[in-house]
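The values are calculated or read from the model by the stated rules, or taken from the named source; none is laboratory data. Please read all numbers here as calculations on a predicted model, not as lab measurements. Neighbour counts are summed over all protein chains in view; Cβ atoms, including those assigned to glycine, are modelled from backbone coordinates with ideal geometry. Heads up: the accessible areas ignore ligands, DNA and RNA and are worked out on the full protein's heavy atoms, side chains in. Shrake-Rupley method; radii C 1.70, N 1.55, O 1.52, S 1.80 Å.
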Amino acid sequence: MASRLEQQQQPTNVGGENKQKNMGGEGRNRRVLQDIGNLVGKQGHGNGINVSKPVTRNFRAQLLANAQAATEKNKKSSTEVNNGAVVATDGVGVGNFVPARKVGAAKKPKEEPEVIVISSDDESDEKQAVKGKKAREKSAMKNAKAFSSVLSARSKAACGLPRDFVMNIDATDMDNELAAAEYIDDIYKFYKETEEDGCVHDYMGSQPDINAKMRSILVDWLIEVHRKFELMPETLYLTLNIVDRFLSVKAVPRRELQLVGISSMLIASKYEEIWAPEVNDFVCISDNAYVSEQVLMMEKTILRKLEWYLTVPTPYHFLVRYTKASTPSDKEMENMVFFLAELGLMHYPTVILYRPSLIAASAVFAARCTLGRSPFWTNTLMHYTGYSEEQLRDCAKIMANLHAAAPGSKLRAVYKKFSNSDLSAVALLSPAKDLSALS
Amino acid sequence: MWNEESDWIGSFDALLARLAECSMCSRRSGERPGAAQMDVKILDVAAEGGYGRVFRCLDVHTGALVAMKQITMVRLSQGIPAQIIREVSLLRELHHANIVKLLRVGFTENRYVNLVFEHLDYDLHQFIVNRGYPKDATTVKSFMFQILSAVAYCHSRKVLHRDLKPSNVLINHSKRLIKLADFGLAREFADDFLYTEKLGTSWYRAPEILCHSRQYSTQVDLWSVGCIFAEMVIGQPLFQVINCRDELEGIFKLLGTPTEETWPGITKLMPNLHIYCSKFDPLGLETFVTDLEPSGLNLLSMMLCLDPSKRISAEASLKHAYFTDVNWI
């Protein structure tokens, strides 16, 4: 794979067609950029910003500062917002939605989501104006956004790599009332802000009777129980979150560790499921190691200790979103992502070292590497996850190593689960040999 | 139930035996303190329902009035009911001026769960019935704006209320402040999720739920808000006014029996629709909701839209022309 620098210099290939986007050049119509400032100068000239430069934090700040300065200059041109893209009132769009050409086998054409093009320099003003007019004619109610959305759209445009596109993964959901598309950005912004609440510090030092290996055994068993009860995936992730948070605030004797596990799953099931398994089911599945009264007592203890905080972002919340951003997604990809994420959750150091969103993003990155999806990390993924390839490499490497070790491990619940053909038998695929070599 | 033998079902000691003995660590850290203690003195019973009772109480430490919802744990063998787990955990996360504050959770005699809330004077149902419904348009507008603000906030936090009705809308009389309450049926939502269809109070229940759909989203709350809106204007539940055998027929009488054109997917959702009820032409909202300005009627019609995909969102409702002159009373 080419280095990131080289990759950025390649024109983006959409639907098999090479198009240059946002290339600096004289005599080109620059009106499309007037609202976020003329970010891209001529390449190689001192007065502009060289877009081939990797987007480091400093460079991003520089881009943003320039954008804000230019915005001040261009205050005259008022803007409207359509589907999250800033559109100048004369109908010239910054980031108008351009449908990608559909690609795929002749038999099964896969519909690709719409694409946000940061600048469409090669389109005539007339075409742009028509497009802007059509966009404005859409229901004002559906598309109305607060001023903060305008600013965030500007900063997104300013921070992104000008020549690469970012797919709007929610474009197809605009008419799907179940997707709550207009709230999705707020929801994930909130998850990112609050995910710290669901994170745990290294608590094994304060556990005199249990250690990381025992935790792995418990998690392995809980994954089997979860599968046996046919519970929803979110229930498993919440269960493990409850277990870890409880263990981080309360010393638990070894003989009660399984009790903590089943009580946590009982709580998570009540929170997530329509029909939760009964207390007796949990007692039976633990071979009557405990009586129901102990389970109920532990349920109360856990809720008290966690102060009833159960509405916490787990890796699952992010996995769903990031898998969607890994377009075009398919069942194999999805299953590989969840396989790697569950391996990560069994591994105590991963859980305490990395926050849920990073675990989820790393699982997607590692899955793409494993399945040979090129490029391994796209602009769309960077946009929706907020993470660069570098930030994910360490965690993804751990996941790839866990995948490699899974067949020989004594704890086989995850491996067994994902060896099943129902889940594309992804566990049986060769792991990404060495993630660092794949860059 | 799960009595079949398997290599993984068993006591934890048996599981541990599968691995070599693990080394121990002896450091111990202090426990994090729990929620602050709150002692309450019961003054009187404020309300009673199927769930239990609500008491008006006094916080003995601060002297402040509080409301204590005492919920009876019916199935003691199953521990804390799911609805309490959801209500408490969701309220711990929802911080908004128009959502009731949960102050404390406690247990009594292993039989009751006590939820202590901030005290409010009365609910919207009492306000409509006992005090003469809010006849002035300014109050209706202010109340609606506050309800929608709370609902939009919930939806932006991925939470469906699912039981919006006047008795779950509380009022602070002096400040004319509205607060949403009773999150017992609330839950986080997902776009590929199946939910229970048996929820909400039937007069405020969205048509997709009445049609037994188990896939629904934020739009169910907007339908309920629309019903509350109409009730504030006419002084009684909208679908109680319409003479019909059940709520769904009432909805179809008012808004017209849906077709595949007006509500795509209805024939799949309710294949026996033509057998269930005759084809009604819409009577129209304006027939029943007479004292509402045109922009208000327009907003109401967008909330009470049969097709959920065309129903207005809470976020968009707040930007509707009806609220251009909204006043905080």
Checklist entry - Sorted by accessible area (1.4 Å probe), largest first, how do B:HIS119, A:HIS317 line up? => result B:HIS119, A:HIS317
Checklist outcome for this item: Counting only protein heavy atoms and leaving out ligands, DNA and RNA, the solvent-accessible surface of B:PHE239 at a 1.4 Å probe, in Å² to the nearest 10, equals 10 Å²
Checklist entry - So how long is each side of segment A:345-398 along the principal axes, counting just the alpha-carbon atoms, biggest first, in Å? => result 30, 22, 14
Checklist outcome for this item: Note on segment A:245-275: residues buried by at least 30 Å² of accessible area once partner chains are added (vs chain on its own, 1.4 Å probe) come out as A:VAL249, A:ARG254, A:GLN258, A:LYS270, A:TYR271, A:GLU272, A:ILE274
Checklist outcome for this item: Counting every C-alpha pair in segment A:199-305, the percent lying more than 17 Å apart is 48 percent
Item to check | Potential lengthening between A:ASP209 and A:MET297 on full extension [0.36 nm per residue; Cα-Cα distance subtracted] | outcome: 29.6 nm
Checklist outcome for this item: With every protein chain in place, the accessible area of A:ASP197 for a 1.4 Å probe, in Å² rounded to the nearest 10, comes to 90 Å²
Checklist outcome for this item: Length gained, A:LYS410-A:ASP394, 0.36 nm per residue minus C-alpha separation, equals 3.3 nm
Item to check | Given A:LYS192/A:LYS300; A:LYS250/A:LYS324; A:LYS228/A:LYS270; A:LYS213/A:LYS416; B:LYS253/B:LYS310; A:LYS305/B:LYS165, the pairs whose alpha carbons are separated by over 27 Å | outcome: A:LYS192/A:LYS300; A:LYS250/A:LYS324; A:LYS305/B:LYS165
Next on the checklist: Please list, ordered by chain and number, the residues whose modelled amide H lies under 5 Å from the amide H of B:ALA47; skip anything fewer than 5 residues away on the same chain.
Outcome noted: B:VAL54
Checklist entry - Hey, got the dipole for segment A:306-353? About the Cα centre, +1 on K and R Cβ, -1 on D and E Cβ, debye to the nearest 20? => result 120 debye
Checklist entry - If the label point is 7 Å along Cα→Cβ of A:LEU353, which residues in segment A:387-410 have backbone nitrogen under 16 Å from it? => result A:390-405
Item to check | Stretch gain in nm, segment B:PHE107-B:PHE288, where the contour uses 0.36 nm per residue and the Cα spacing is subtracted | outcome: 60.5 nm
Checklist outcome for this item: Output row A,B: buried area (accessible, probe 1.4 Å, summed both chains) in Å², nearest hundred, equals 7000 Å²
Item to check | In nm, spacing of pseudo-spin labels at A:ASP185 and B:LYS268 (7 Å Cα→C-beta vector) | outcome: 3.0 nm
Next on the checklist: Once you order the gyration tensor axes a ≥ b ≥ c over the Cα atoms, which shape class does segment B:34-118 get: rounded for a/c under 1.5, otherwise prolate or oblate by comparing a/b with b/c?
Outcome noted: oblate
Checklist entry - Per-residue HN-Hα couplings for segment B:225-232, Karplus 6.51 cos²θ - 1.76 cosθ + 1.60 at θ = phi - 60°, whole Hz, x for Gly and Pro? => result 4, x, 5, 5, 4, 4, 5, 5
Item to check | segment A:180-241: C-alpha pair distances exceeding 12 Å, % | outcome: 77 percent
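Rounded, prolate or oblate: which fits segment B:137-177, taking a ≥ b ≥ c as square roots of the Cα gyration tensor eigenvalues, rounded meaning a/c under 1.5, else prolate when a/b beats b/c?
Since a/c reaches 1.5 and a/b is larger than b/c, the shape of segment B:137-177 is classed as prolate.
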Checklist outcome for this item: Rounded to the nearest 10 Å², the accessible area of A:TYR290 using a 1.4 Å probe with every protein chain kept is 20 Å²
